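A quick write-up on the structure given underneath.
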Amino acid sequence: MLTSCKKSDDYELELNYVILSDVTKVTAQPVKSKAVILKSTRKEDPSFKVELDSVIHSNLSGIGGAFNEMGGEAFVSLSDTDQKELAYALFNTTNGTGLSNCRTAVGASDFGLSAYSYSETANDYKMEHFSIERELSTLIPFLQAAYKENHQLKMFASPWSPPGWMKESGKMDGGNKGVEKNVLKNDPKIYEAYALYFSEYIKAYQKNGISINRLIIQNETDMNPKYPGNDMQPEQMEELVSNYILPQFKESDFDTELWAGSFRGKRKDAQKFMSLEGSKNVTGVGLQYCPPSTMQELLDKHPNIKIMHTEGRCENGDNSMKQARKRFSEVSDWLNSGSENYCYWNIILNETSTSGWGWKQNSLININREKGEVTYNADYAPISLMSQFIRPGDQSIKVVTPNKKKAIAVKNDNRIVVFIENMEKNISIENIEIAGKSYTVELPKQSLCAFVFKK
């Protein structure tokens, strides 16, 4: 993937980039590389100043995306050869995108083919009829293919809704038509059954070679949508985690971490949860669709809090380059605000891009099930570049930028990577300052660039 490069002082510099013009055709390996000739610059010139000692997060977990039933069904429609090629492109850590910290749903998400849980028998408090059989021919093969390419793949999971019989409404979906009943029943027997449900889920996935490293208790706690959802107040989450899920996981001898969330910023559920005594029983909080100010508020009050990002902007299914050109700004906001990761939403959707509840969203990949065609969408290009060069174990570090431009910098013992974008239709010249030395670099037009300074 990388080309030979010119050496200056203590670094060898490599440029890796993706072109995000409207006419770009995205391929399985969209990252281009070329040799860089370093030019000295005056320190007075405006620079992207990398502050090596200003560590934002000391142990990143990388870039990922979300698995869903619709994507799994589309994936298994491909031939075995095409499945292997696609899994290689997405998850291989040597020559592929190397997605590293991904998400899946406990039961149906809004991109399940329909609403379903693993406990469809009412009042099955002992989970005698628990089953993941529905996913064995769709989602599970997709997940297994990912693990074959990346044995170190990390997975976090969250339910969109408990099984319908555990809720006041009796239904997983349709919360928009009965907000007051779109809640988990406030009943110790239900809490105990729900904790056992999670335990059986993790066991069933383990038997199929899939490790759930983190469980996030409830997706979007403040949502009452027409698709599967569940409104959960922070106090109920605290009760469920502290007195039921945590003891159940200890009994089952799981090392799966428990995380609060996923929280949005609208109802301040994250702030409320962290003020409760039971917040000590979770490893961290999962956030999505929050402004940087939400993370700053949490970090100011709870300096040792761990924050992870759980879902990127869904968009509307256009899968356009105009949308892809905005993706770097979103990732930059999350990583520079203290998140350990960034998680894109749908990895794969079928040719319709349409959920079981009737709306379209973006995805990295579309698969035409009838024709067996794989399309790498616009968002795949920036996500692939960032995933390849923001790796688990990296540290995110502060970059002071000119004119409020966006940038990301990460480092490990072997290299520093500085991400800068140029969305203009002309080549851009920028300066990068590292350890008191300034370097002039050239950014191709309409590109997202990763400048790799190898030690």
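Residues that are assigned to a loop (DSSP other than H, G, I, E, B), within 19 Å of the chain's Cα centre (by Cα) and within 21 Å of TYR227 (Cβ to Cβ): does region 131-146 have at least one?
Taking region 131-146 as the starting set, the residues that turn out to be assigned to a loop (DSSP other than H, G, I, E, B) are 131-132, 138.
Within this subset, residues satisfying the condition of being within 19 Å of the chain's Cα centre (by Cα) are none.
No.
Within region 251-267, is there a residue that is modelled with pLDDT under 95, more than 24 Å from PRO163 (Cβ to Cβ) and crowded, with 16+ Cβ neighbours inside 10 Å?
Yes - at least one qualifying residue is present in region 251-267.
Please work out which one of (1) over 27 Å from HIS151 (Cβ atoms); (2) out of contact with any Ser or Thr (no Cβ under 6 Å at 6 or more places or on another chain); (3) part of a strand (DSSP E or B) is the condition SER396 fails and give its number.
Condition (1) is where SER396 drops out.
Among the numbered criteria (1) farther than 30 Å from SER54 by Cβ; (2) within 24 Å of the chain's Cα centre (by Cα); (3) among the small types (Gly, Ala, Ser), which single criterion is violated by ALA407?
The failed condition is (1).
Here is a list: GLU220, GLU135. Which entry is crowded, with 20+ Cβ neighbours inside 10 Å, more than 22 Å from ASN243 (Cβ to Cβ) and touching a helix residue (DSSP H, G or I) at 6+ places or on another chain (Cβ under 8 Å)?
Working: GLU220 fails: touching a helix residue (DSSP H, G or I) at 6+ places or on another chain (Cβ under 8 Å).
One residue alone meets the criteria, GLU135.
For region 430-449, give me each residue that is modelled with pLDDT of 95 or more and not in a strand (DSSP E or B).
Result: PRO444, LYS445, GLN446.
How many residues does region 27-56 hold that are in a loop (DSSP other than H, G, I, E, B) and either modelled with pLDDT under 95 or closer than 23 Å to LYS406 by Cα (or both)?
As a first pass, look at region 27-56 and keep what is in a loop (DSSP other than H, G, I, E, B): 27-31, 36-38, 41-47.
Now drop any that are not either modelled with pLDDT under 95 or closer than 23 Å to LYS406 by Cα (or both), which leaves 30-31, 36-38, 41-47.
Matching residues across region 27-56 total 12.
Quick check on region 107-115. Is at least one of its residues assigned to a helix (DSSP H, G or I) and hydrophobic (A, V, I, L, M, F, W, C)? Don't jump to the end; show me each part of the working.
In the first step, residues of region 107-115 are kept if they are assigned to a helix (DSSP H, G or I); the result is none.
The answer is no; no qualifying residue exists.
Taking interchain pairs and intrachain pairs at least six residues apart, which have beta carbon atoms under 6 angstrom, with the first residue in region 99-126 and surrounded by 24 or more Cβ atoms within 10 Å (Cβ to Cβ) and the second basic (Lys, Arg)?
ASN101/LYS154
Considering region 326-366 alone, what residues qualify as being surrounded by fewer than 19 Cβ atoms within 10 Å (Cβ to Cβ) and among the basic types (Lys, Arg)?
Correct list: LYS326, LYS360.
Could you tell me whether any residue of region 255-269 is in the same structural domain as ILE202 (by TED's automatic domain parsing) and part of a helix (DSSP H, G or I)? Walk me through how you get there before you give the answer.
Keep residues of region 255-269 that are in the same structural domain as ILE202 (by TED's automatic domain parsing), which gives 255-269.
Among the residues that remain, those that are also part of a helix (DSSP H, G or I) are: 269.
Taking every residue of region 255-269 in turn, at least one turns out to be in the same structural domain as ILE202 (by TED's automatic domain parsing) and part of a helix (DSSP H, G or I).
Taking the condition surrounded by fewer than 21 Cβ atoms within 10 Å (Cβ to Cβ) and at pLDDT below 95, does GLY393 pass? Talk me through it step by step, then tell me what you get.
On the way: surrounded by fewer than 21 Cβ atoms within 10 Å (Cβ to Cβ): yes; at pLDDT below 95: no.
No: the conditions fail for GLY393.
Could you please give the count of residues in region 401-424 that are more than 19 Å from TRP334 (Cα to Cα) and without any contact (Cβ under 8 Å) to a residue 60 or more places away in the chain?
6
If the Cβ limit is 7 Å and pairs must be 6+ apart or interchain, which residue in region 316-332 that is of a type in the set (Phe, Trp, Tyr) pairs with which residue that is part of a loop (DSSP other than H, G, I, E, B)?
PHE328/LYS406
May I ask you to list the residues in region 225-240 that are part of a loop (DSSP other than H, G, I, E, B) and under 13 Å from PRO162 (Cα atoms)? Step through it out loud before you land on a result.
Applying the first criterion (part of a loop (DSSP other than H, G, I, E, B)) to region 225-240 yields 225-233.
TYR227, PRO228, GLY229, ASN230, ASP231, MET232 - these are the residues of region 225-240 that are part of a loop (DSSP other than H, G, I, E, B) and under 13 Å from PRO162 (Cα atoms).
Got a sec? Which strands (runs of 3 or more DSSP E) wholly within region 314-381 have at least 3 residues that are farther than 14 Å from MET70 by Cα, within 18 Å of the chain's Cα centre (by Cα) and not aliphatic (A, V, I, L, M)? Talk me through it step by step, then tell me what you get.
Details: elements: 341-346, 348-350, 365-368, 373-376.
By residue number, 341-346.
The values are calculated or read from the model by the stated rules, or taken from the named source; none is laboratory data. Just so it is clear, the structure is predicted and the values come from calculations on it, not from any experiment. When we count neighbours, we look across all protein chains shown, and the Cβ atoms used for this are built from the backbone with ideal geometry, even at glycine.
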